[in-house]
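Contents: one structure, followed by commentary.
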């Protein structure tokens, strides 16, 4: 089974095709025809262009949106790296299904659905609105043994891929990722340290509000876990197996599924960024399908964003999780789409279009450079 899952994952990743270049150029051209200053909506113009590349059309659609919240527990909580115990994960997971968590309130305003997924919660989940995709009752304690088996890693990733396929078939145009799991800033900091090859102290934050003593303990536990397993930073599956979490693996899968089935996925904070780094290792083209939302409070966010080649649009010092930062991007994209779709063009109002002097200057510099090179070649021949 394990070999089959790994082979299937490889085949699916190889099936990914890059963003549609024609749709990208058409979307850029459409933005430049709209009666407004060129590039006036900045990064939001770029995000809609990126969506056009994913959807393979300049006629983009953002009508149906959802945030998929992967919920799982982490065995490393036994080491005292958190303020609360693992029972909180099950409580909040059920609150997602009841519609009373923070992300539910925000998604309601944004016109998006919340899809909670139990991919590895320790406690019993009774609410019927939670999707049961449980791999196990939480991970193992990474300080003492690998967090997951290799087969569990593959199962969790495939769970995310399958969810992306199902949601694509259900007509969703845009997805966001979220998570809930006590201890998951510990696992994500460990994964970030390995993948970024950065000191643990540099990538580890306070999570849900640890004291100085608590932060020191968290750093010590992560260091010991990495020293014990010594995962290869070039082997994302091994990294997940050693120090990851089911929620991280599930989000990684959803991102890969977004690339496979061509549905854009909005990232949230550190934990989703770490999942994106893993997805990038498995399928470098996946970043064509990922939309950054905010620059989170955790210290590794900036380094992870840079490694992914992405730039945040929201700087709000957020640290809530659940996909809340990603959901914040939804209405901003809707507003940008309203301008993209409904605004008058320069032709409509009989006004000359703005000229891009930056592009003109670049063209002139390139022509001058070519002329100088040609002249130098003729002198050499003479």
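Annotations for the structure displayed:
- Which listed residue, of 20, 118, 59, 85, is closer than 24 Å to residue 167 by Cβ and more than 22 Å from the chain's Cα centre (by Cα): 59
- Evaluated against (1) assigned to a helix (DSSP H, G or I); (2) closer than 29 Å to residue 105 by Cα, residue 296 falls short on exactly one condition, (1).
- Of the helices (runs of 4 or more DSSP H) that lie entirely inside the range 132-210, those containing 1 or more residues that are surrounded by fewer than 24 Cβ atoms within 10 Å (Cβ to Cβ) and in contact with a strand residue (DSSP E or B) (Cβ under 8 Å, 6 or more places away or on another chain) span 150-169.
- Qualifying position, being part of a helix (DSSP H, G or I), over 16 Å from residue 310 (Cβ atoms) and touching a residue at least 12 places away in the same chain (Cβ under 8 Å), among 271, 219, 263: 219
- Tallying residues that are under 12 Å from residue 336 (Cβ atoms), outside any helix (DSSP H, G or I) and in contact (Cβ under 8 Å) with a residue 12 or more places away in the chain within the range 12-54 yields 3.
- Being within 24 Å of residue 217 (Cα to Cα), part of a helix (DSSP H, G or I), out of contact with any strand residue (DSSP E or B) (no Cβ under 6 Å at 6 or more places or on another chain) and in the same structural domain as residue 325 (by TED's automatic domain parsing) is a condition met by no residue of the range 98-110.
- Selected residue (only one of 109, 91, 54, 49 is under 20 Å from residue 275 (Cβ atoms) and either at pLDDT 95 or above or surrounded by 15 or more Cβ atoms within 10 Å (Cβ to Cβ) (or both)): 54
- Condition check for residue 331: over 27 Å from residue 16 (Cα atoms), at pLDDT 95 or above and not assigned by TED's automatic domain parsing to the domain that holds residue 52: yes
- Contact map, the range 132-157: first residue modelled with pLDDT under 95, second residue assigned to a helix (DSSP H, G or I), Cβ cut-off under 9 Å, separation 6 or more or different chains; the map is empty.
The values are calculated or read from the model by the stated rules, or taken from the named source; none is laboratory data. Quantities reported herein were computed from a predicted structural model and do not represent experimental measurements. FYI the Cβ positions are ideal-geometry reconstructions off the backbone, even for glycines, and counts take in every protein chain you see.
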